């Protein structure tokens, strides 16, 4: 025990004598004059001594991006782990061809477990996506912009988007160019306590998401697939479902994305659009299959 305490004291003294410099977490993305770390030229490395910058960029793109699928950002669940963990996790989509709504992708690992309860697994990220960036500072500087600017960041509803935004710097967030959000709204979206479980989307959470997106002046593409249901069982009248959809759409105006598209699951009459007023997004109507077996119960995905 004494030897362990002695080692800890030595480490503390070393840290005080040689404190780690603090830098802006997104310094490779910052054009203005800010504190930047010293970087060794790495002339002895074939990556820098032999390959041109253009070839290195091609390598970074091959490792860090995939234009054909989403980079899912989800809430990070670590059951039974006491140490502090990052609030969100990421993984590549493996279910892009699914006919179900995107928030029902098999990527999330939820399975039906009788009698009528759904199993939600612990979140794990094993693709080592960030390992390349952490190799050295030069790679970090060259590759970080590619990671943020060239992937499609997908969020299942508002909670992971808010958690991800809170976990990174404003500079990192403003470097994201492509966002896709999948959500479902029901009559319970306005109920007290609805923000503690998902689905359905809580309307205040939804509003906060679009407040953030309205301030993002560098966003190039924003796609939303939005499902409106009276309840998770698919009941209720068409009129009541339209009211739920209208409340969600009203929160989604004035986003400065260059391309803004919204997919909805019902085809409202012209009176609906007249009441909603002018919008700045294109609308696609598509009724997708719904996984009734797995997502039938309204409280199945409690956080």
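Just so you know, all these numbers are worked out from the coordinates, no wet-lab data involved. Here the structure is a predicted model, which is why all the values come from computation and not from measurement. Positions of Cβ are generated from backbone atoms using ideal geometry, with glycine treated the same way; all protein chains shown enter the neighbour counts.
Before moving on, here are some points about what is shown:
- The ranking of 54, 150, 292 from fewest to most other beta carbons within 10 Å of each one's beta carbon is 54, 292, 150.
- Relative contact order, whole percent, for the range 63-285 stands at 16, derived from Cα pairs under 8 Å and 6 or more residues apart.
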